[in-house]
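First up is the structure itself, then whatever we jot down about it.
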Amino acid sequence: MTARPLASVSIDLDNLWAYRKTHGDPEWSRYPSFLPSAVPRLLEVLGEQRLTTTVFVVGADVVREDGAKAVNEITAAGHEVGNHSFGHEPWLHRYTRARLEDELRRTDDAIVEAGAPLPLGFRGPGFSLSRDLVEVLAGRGYAYDASTLPTWIGPFARAYHNRTAPPHESGDGRDELFGGFSRVLAPVHAYRWRTSAGTGLVELPVTTMPLLRTPIHGSYLLQLHEISPRLARGYFKTALRLCLARKVAPSLLLHPTDVLGGAEAPGMEFFPGMATPGGRKVAWLGWVLRALREHFDVVGTGEYVHRSNPRRERPVTCLDAGR
């Protein structure tokens, strides 16, 4: 019997305060949370699809009661827990090595304290990545990073975000959100970073449409679904066919907003798709996961890295050094 090709699914557990912080809403400092609504719903959807996956969590949530509870529930359901930074700042690539070390250590400690194993995977908020960050991850013994989104669409997403956000000061980091046009040249297949200490840390890109390099993650699919469910289904099916033809293992990224309606995320009217009711989003996500499972053996990102053992290499010097 021929083995089915692998695919992976992961969730960035970005909380309500994190979205509002990036958007420039001063009320973020009250740390409003939608985790009590989002986590049970996400776990229910994954359970119905019989999937175990990877959930990247934010340290500033995990040190709080609802975040620690979420990590405990996620782990009990058999999912991997990854590190998504402590403060969820999408300009992480501007941090010094010392500050990066602190971000990772504080989140690692919080995750372990909440009852999950020490993380082996990391994803930078806003797909933030630098040479220093890769070197620090490798030095801390991480097995993989999942912070790249190989697409040309980043500058347009940044323009939309900053146009809808309150005025901000130049240099606060928002002018560098989501990367530049150079991301279109980044590999779509998993590979290993060649660092000063050797080759080991795997990079698992969030998959974009082969050839076109347009996003296929949950939030983007929801935007298409709002325009036309038929268009969204055709787009995702085309992406899966191209992945099969090009031998790309899809790495599908989800967020809590993929299952929450606007009433459950107050203050996020600026975010695309929040006018869609939560129940409709859940039904759509179920279809997406079923379509993925129809063609692929779907696992979490950590299991995918372990089972695939990628051989391609890329020098870490191709990244900006950081600060």
Every residue in region 42-73 that is farther than 16 Å from residue 108 by Cβ and under 18 Å from the mean Cα position of the chain (by Cα), please. 42, 43, 45, 46, 51, 52, 53, 70
Starting from region 218-230, take each residue that is without any contact (Cβ under 8 Å) to a residue 60 or more places away in the chain and list its partners that are aliphatic (A, V, I, L, M) and open to solvent by less than 40 Å² (accessible area, probe 1.4 Å), counting only C-beta distances under 7 angstrom and pairs at least six apart or across chains. 224/232; 225/232
Considering region 85-123 alone, what residues qualify as being hydroxyl-bearing (Ser, Thr, Tyr) and surrounded by 17 or more Cβ atoms within 10 Å (Cβ to Cβ)? 85, 95, 107
On the basis of being at pLDDT 95 or above and either over 27 Å from residue 309 (Cα atoms) or open to solvent by less than 10 Å² (accessible area, probe 1.4 Å) (or both), does residue 161 make the cut? no
Would you please list the contacts, defined by Cβ atoms under 6 Å and residues six or more apart or on different chains, that run from a residue in region 63-76 that is within 12 Å of residue 38 (Cβ to Cβ) and in contact (Cβ under 8 Å) with a residue 12 or more places away in the chain to a residue that is part of a helix (DSSP H, G or I) and open to solvent by 60 Å² or more (accessible area, probe 1.4 Å)? 66/36
For region 67-84, indicate whether the set of residues that are more than 21 Å from residue 300 (Cα to Cα), out of contact with any Cys (no Cβ under 8 Å at 6 or more places or on another chain) and open to solvent by less than 50 Å² (accessible area, probe 1.4 Å) is non-empty. no
Out of everything in region 105-137 that is under 19 Å from residue 63 (Cα atoms) and of a type in the set (Val, Ile, Thr), what residue ends up being farthest from the chain's Cα centre (by Cα)? 112
Per-region count, region 108-131, residues among the hydrophobic types (A, V, I, L, M, F, W, C), farther than 26 Å from residue 65 by Cβ and assigned to a helix (DSSP H, G or I): 1
Region 1-57, residues that are buried (at least 21 other Cβ atoms within 10 Å of the Cβ), of a type in the set (Ser, Thr, Tyr) and either in a strand (DSSP E or B) or free of Cβ contacts under 8 Å to residues at least 40 places away in the same chain (or both): 8, 10, 54
Please specify each residue of region 77-102 satisfying the condition of being under 20 Å from residue 35 (Cβ atoms) and modelled with pLDDT of 95 or more. 77, 78, 79, 80, 81, 82, 83, 84, 85, 86, 87, 88
Report yes if some residue within region 237-251 is open to solvent by less than 50 Å² (accessible area, probe 1.4 Å), touching a His at 6+ places or on another chain (Cβ under 7 Å), more than 30 Å from residue 28 (Cα to Cα) and touching a residue at least 40 places away in the same chain (Cβ under 8 Å); otherwise report no. yes
Step by step: first the residues of region 271-295, then only those that are over 17 Å from residue 225 (Cα atoms) and more than 20 Å from the chain's Cα centre (by Cα), then the one that is surrounded by the fewest Cβ atoms within 10 Å (Cβ to Cβ). Which residue is that? 294
Look through 254, 319 and report the one residue that is crowded, with 16+ Cβ neighbours inside 10 Å, under 22 Å from residue 187 (Cα atoms) and touching a Lys or Arg at 6+ places or on another chain (Cβ under 7 Å). 319
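The values are calculated or read from the model by the stated rules, or taken from the named source; none is laboratory data. As the structure is a prediction and not an experimental result, all values here were calculated from the model. In this analysis, Cβ positions are derived from the backbone assuming ideal geometry, glycine residues included, and neighbour counts consider all displayed protein chains. Calculation scope for accessible area: heavy atoms of the full protein, side chains included, ligands and nucleic acids excluded. Shrake-Rupley method; radii C 1.70, N 1.55, O 1.52, S 1.80 Å.
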